[in-house]
Every structure is written in C-alpha cells, then in structure tokens.
1. Of everything in segment B:69-83, what is assigned to a strand (DSSP E or B) and polar (S, T, N, Q)? Give them in sequence order.
2. Quick check: anything in segment B:122-138 more than 14 Å from every other protein chain (Cβ to nearest Cβ), touching a Cys at 6+ places or on another chain (Cβ under 7 Å) and under 23 Å from A:Ala272 (Cα atoms)?
3. Quick check on segment B:255-274. Is at least one of its residues farther than 21 Å from B:Tyr116 by Cα and of a type outside the set (Gly, Ala, Ser)?
4. Does B:Val337 satisfy being surrounded by fewer than 17 Cβ atoms within 10 Å (Cβ to Cβ) and either free of Cβ contacts under 8 Å to residues at least 24 places away in the same chain or under 25 Å from B:Ala180 (Cβ atoms) (or both)?
5. Name the residues in segment A:307-328 that are charged (D, E, K, R) and facing another protein chain (nearest Cβ under 8 Å), would you?
6. Only one of A:Arg14, A:Arg82 is touching a residue at least 60 places away in the same chain (Cβ under 8 Å) and either among the hydroxyl-bearing types (Ser, Thr, Tyr) or touching a strand residue (DSSP E or B) at 6+ places or on another chain (Cβ under 9 Å) (or both); which?
7. Can you confirm whether segment B:71-82 contains a residue that is charged (D, E, K, R) and closer than 20 Å to B:Ala340 by Cβ?
8. Of the numbered conditions (1) farther than 30 Å from A:Asn66 by Cα; (2) more than 11 Å from every other protein chain (Cβ to nearest Cβ); (3) without any contact (Cβ under 8 Å) to a residue 40 or more places away in the chain, A:Leu190 satisfies every one except a single condition; which is it?
2 protein chains.
Amino acid sequence: MNEPVVVSATLLRRLTEALLRDRAVRQDVADHVAASLLQTSLRGVDSHGLELLPHYVRAVDARRINRDPQYRFEQTAAATGRLDADHTFGHAAGAEAMTHAMVMARDAGTGIVTVYNSSHFGAAAYFALLAANEGFLAFSFTHADALMLSHGGTRAFFGTNPICFAAPCAGEEPFCLDMATTLVSWNKILRRRDADAPLEEGWAVDEHAEPTTDAGAARMLSPIGLYKGFGLAMMIDILCGVLTGMPFGREISRMYADPIEQKRFLGHCFMAIDPARFVDPAQFKERLQEMMERVRAEPQEDPDVTVMVPGDPEKQAFRERTQNGIPISSRTWERFVELAAEVNMPLAE
Amino acid sequence: MNEPVVVSATLLRRLTEALLRDRAVRQDVADHVAASLLQTSLRGVDSHGLELLPHYVRAVDARRINRDPQYRFEQTAAATGRLDADHTFGHAAGAEAMTHAMVMARDAGTGIVTVYNSSHFGAAAYFALLAANEGFLAFSFTHADALMLSHGGTRAFFGTNPICFAAPCAGEEPFCLDMATTLVSWNKILRRRDADAPLEEGWAVDEHAEPTTDAGAARMLSPIGLYKGFGLAMMIDILCGVLTGMPFGREISRMYADPIEQKRFLGHCFMAIDPARFVDPAQFKERLQEMMERVRAEPQEDPDVTVMVPGDPEKQAFRERTQNGIPISSRTWERFVELAAEVNMPLAE
C-alpha cells in the first residue's frame, strides 16, 4: 500500500469547489458539500470526508444526484415538518432540514424534520454540529444499505445506521457523539484489507455469517452489543425509512453496487432542542463542560492515555490537520489529479 | 438457590395495591406503580418489576419517596415543558410527564418533557408504551448511579443509562426497544451470583477494572461497543442530568448503598412524536408491521430460533405469564409473605 499524500485543507477546498462548479452544482448545495467534506476530513473521519469526493462526482455526472434541486418543505405543525430533497446531495438537504428544525425550536422549543427523496449525507456530525454551534441540542439520523449481520440471522437486513447527538458547552467546541451501530465501520475493514492486516475478533463475518478475521473474506459487520445494536439500527430505520415513506431494510438501494444512475431514495431525521426551555442555557453549557472535564480527569487504565469524551479524538485530529494538512490515500490522490486536470486546475499550492 | 414461586398476576396486583394503600400512597400514584410493576414482570423483565417492590416499600416508609406529591408542571413553549416530581415514584412522575408530552404532540407534532426531583422510575418501556398505545412514537430516558466501567478508565462514572424507543404498529402490540447501554444488567450478574454460575467473558470487571467471569468479584459492567456504549450513556446523562439541573455522573445518589432516607434527585427525559405529521399514520403502522415481519422471516442462524425483533421476548413472556403466572424469587416471596401479613392479607388466592 502506498503512503497517503498530505494535502492542505485550502487546496482540497479549492479542488472540491472547482469540481462542483464545473458540474454546475448550485452554489448553496456545493457550499454544504464542500463544508461537510472538509470538516469531516479535518476531524479525522476519512471514511465520510474527501475520500468520497470521486464517488460523488461520478454520481452527479450520472444524474443520481440532482445538482439543482427544488426543495419542498412543508411545516406540518409548530414543531414538525418534512422536506423533499429532490435527490440532491444529502449534505445540503440535511443542512436545509436542520435549519428548519432550528427555526421551529426557537419558537416551539424543539423541531423535528424528516427528509425524503435524499441521497448519501456524509457525516451525521455535520448537521448536529451546525445546530449545536447555534446553541441547540441536536440529533441526526440516517439509514443506510444492508451491511449489519442480523442478530440471530445469517445475512444483513439493516445498515450501519448511525446515531449522532451534539450539545453546546462552554469553553470548547460542542460535545459530539457520532457512531455507527456496528462495532466498526466498513471503511475500517477496507483499510485492513488494503494493508493486508487481519481484523480483530468479533468485528465481522464472512458470506456464511461465520466470524472471520480475514479482511478479504469479511462481508457483514457485527452490531454493538449483539441484539442491542441491532435494535438501535432498527429504531433508526423506523425514523428514517418508515417515518419518511422511503424504502427500508434490504430494499434500500446500494451506494456502490447499484447502477450509479439510480437515485437512492434515502431518508433522514433531524431534531433540534432549545436547552433554554429547560434550564438556564449558560448553566447548561457550564455544567456540560464540567461533566466533560470530570470524565477526562477519571483514573486512567493506561497512564499515558487520558479518559476521552466522545468527540475528543476528532477535536485532536482537527487541530493537527488544520496545522499540517489532511492525509489523502494514494488511490484517491491519483483520482484527484485526474479530476483536477479536467478542470484545468494544477494540483500544486 | 431455592426455586422461584409462581404467582398469579391478579394476586400480585392485589398485594401491591394493598401495600401502597396501607402506606397512604395517593391513588393516582399507586395506580401507576402497580401498573408498571405488573406490566414489567409480565413482560419478563424481572429486574425492574415486582422484585423491586420490597425496596420501594422501604423507601416509602423512610420518606425517600413522597406518597403525596405536589407536581409542578411548567409548559415552556408549544412543544417543551418540565415537571417537578416532588420526589414521588418515578413511575408516576414519568407517566405524568409523558401525558404532557402527548398533549403537546397532538398540537405541536411533538413534545419533550424533562423531569427533575424524581426517584427510580422502574422500566423505561412503561412510559414509551403508554405513548405508543396512543399512536405516538416515543422515547424515554433516565440516568442511574455509576456502574459502567468508563472506556479507558478504571472506575465507573456513568450508570447503565437506558435508551427506550417505542412505536405503534398494525396487528400487534407496539414495537419497543428498551436497553441498558451496558452489555448486561446488574441484575443478571446478581442472578449468576445467586446460582454460583460464572459470567460470560466481557460482561464485567472487578474492583481493579480487570475482566472477570467470577460473579462474586464483579463490580462494574462493560459498555456495549466499548466507547460507543460509553458515549450513549453520556448522551443520556446530558439529557437527564444536565438538561434537568439534577446531579450527574458519580454525584448521582446510590439506589441501594446510600441511606434509604436520602432522596434521589434523579432526572428523566420523555419525548412523544405524532407520526401523522410526517406520513399517513395508518400507513406508518402497516409499514412498521411489514418491517417486523420481514425481520422475523430472515434466514436463521439456528434453525429452531427465528430472528427476533426488539420486544419479541417480552411479548412471548407476557403471553406465557398472563396464562401461567409470574415467577417470584424465593427471597422476594418470603418478604411478600411478611409484608402481606402486616396488612392482614393472607397470601393465597
């Protein structure tokens, strides 16, 4: 495996913007895609950041993703609404939906917006952080195509359906938990496969649903906590598939295996909550920071590693990568060089 | 270990009602406590059902639990409110809060109610099912005293903080996921201890945070999915401790170890969502049932065991126990006999 290429965030943002502009992706849509991919890669979540840009570009070219969507938002009550994403980038539709949720939360205390006719939305944290940075507690959910071994079964029914929760705190960036309901992400399997490295026991199973540590043989991922992670994935598909009127379970289209022309028909669910309707919001932020500091001060298993709060590894990566640049896999970098050449953008700083 | 005694639900309900009436627990409060304990035991969740009745009786006698609470509910916006439980049974305060959440959800599409100054609320499913039986999607959350080994740490900071989600479906009782964020409940450890049986690997650690299969040595429980379960527990303490103004983490009082006179100062969080604000509610119920049926029809790992949906074991237990009675541990049964004698209620049918 070749070493990744470390590239500045500035250059990667320019590349992303140039590729989307060249394809006539509408400015407001492109802005969210670029912001989400950059933020996600800076936070160290390579599986959901810029590594996906070549895939998205193909999907726009093939008209899977709509570059000029006509959003249709319908507020159905003081605190609820639904958004037709018109098959654009989930990154942009999700931000649009969370913005509506925040507007409702300002008046009604909370707001829930479901999204239908959407496509892959990248990292769930992008939307929850959007709201947490405005002072809201926020949830974001999406379903995904079948990849989690069903508890007690031999194949996958649900996806790695993530749960994401963020909340504002004093003195630092918001608390943010963003987790798949499988033990590890599929991308982690792929990286072990590329590196010819074995998997840890319990992560994955092969095509016969037998446990395997062979990354090449892995076909499905184990849920966290057996039936518990399976149950959480089902809960999320109820919110994102059943509550949105979209397909669910094994009927969800495949991100990669299905024809790239095929629209995804994905659903998402977003929620914003105004803490000021429950407690003094300044006190909320201070007490949350106190909780985070206390957790970090807990006695350590390894004397060299402090106990971490969800989001701490991402905050560390953000600081480091903002300084030193973002590592891009050699395979993706080669593709970036080709794509940049097509828009006459030499890939040098 | 002595065999459990199998007792009819009717007799156990009469006993519960008699013990609470004798202690002048207000009727509306007692009704929820009895309904919750019966339902929970019928659903097979012995750790949160009638086995706790002797503890609750002691807590009422010691004035930890208020028998005649003055609820103070404040609706703070169209879809948010908070309830002062005045230290009564969490079972009753939670039902009061969820009722307010449903009233708001009817108008505003959703409603969130936090509860403060509360006490142990039993099974989270009781509240979520209350709302799901009225046609709402519902969440219920509570925090609990420190018992989960912190990821990367050597002691417990968060409790087994459960997440519960229910949703109405056609043709059968609601979908209901009710799970601690630890791999197993503490009660499961205690039952193995009573039976002199070993634990499964990974369930628990001893006082030095070392993995143990010795039920007698177990002191803390492992989170599901390592840092993921730890993160979910923290999310729940943010909703139930920080957002309610109650203590959090290691400052939460101990259910058993602290003096029985000491009030708990617990917080909970409830949410009701009206599916009719998103899709046709009849279609929602039908599609959810279709999802459940499809999951149950998935190819099985064990030819004798179908793939189950969260809540299926509880539904089976409910049918079986409604017919045949509820098993009560011999230790609890002895205590029931003593308590029944105090209220001149002979324990025979």
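1. If we filter segment B:69-83 for residues that are assigned to a strand (DSSP E or B), which is where we start, we get B:72-77, B:80-83.
Hits for segment B:69-83 are B:Gln75, B:Thr76, B:Thr80.
2. So the first thing to find is which residues in segment B:122-138 are more than 14 Å from every other protein chain (Cβ to nearest Cβ), and the list is B:122-123, B:126-127, B:129-131, B:133-134.
Those left that are additionally touching a Cys at 6+ places or on another chain (Cβ under 7 Å): B:129.
Among the residues that remain, those that are also under 23 Å from A:Ala272 (Cα atoms) are: none.
So far as segment B:122-138 goes, no, none of its residues is more than 14 Å from every other protein chain (Cβ to nearest Cβ), touching a Cys at 6+ places or on another chain (Cβ under 7 Å) and under 23 Å from A:Ala272 (Cα atoms).
3. Step one: of segment B:255-274, the residues farther than 21 Å from B:Tyr116 by Cα are B:257, B:273-274.
Now narrow it down to the ones that are of a type outside the set (Gly, Ala, Ser): B:273-274.
Yes - at least one qualifying residue is present in segment B:255-274.
4. In short, yes.
5. Quick first cut of segment A:307-328, residues charged (D, E, K, R) only: A:312, A:314-315, A:319-321.
If the condition is that a residue be charged (D, E, K, R) and facing another protein chain (nearest Cβ under 8 Å), then no residue fits.
6. Working: A:Arg14 fails: either among the hydroxyl-bearing types (Ser, Thr, Tyr) or touching a strand residue (DSSP E or B) at 6+ places or on another chain (Cβ under 9 Å) (or both).
Being touching a residue at least 60 places away in the same chain (Cβ under 8 Å) and either among the hydroxyl-bearing types (Ser, Thr, Tyr) or touching a strand residue (DSSP E or B) at 6+ places or on another chain (Cβ under 9 Å) (or both) holds for just one of A:Arg14, A:Arg82, which is A:Arg82.
7. Taking segment B:71-82 first, the residues charged (D, E, K, R) are B:72, B:74, B:82.
Of the ones still in play, those that are also closer than 20 Å to B:Ala340 by Cβ are none.
No: segment B:71-82 contains no residue that is charged (D, E, K, R) and closer than 20 Å to B:Ala340 by Cβ.
8. Result: A:Leu190 passes all but (1).
Just so you know, all these numbers are worked out from the coordinates, no wet-lab data involved. None of the values given here were measured: they were computed from a predicted structure. Note that each Cβ is placed from the backbone with ideal geometry, even for glycine, and that neighbours are counted across all protein chains shown.
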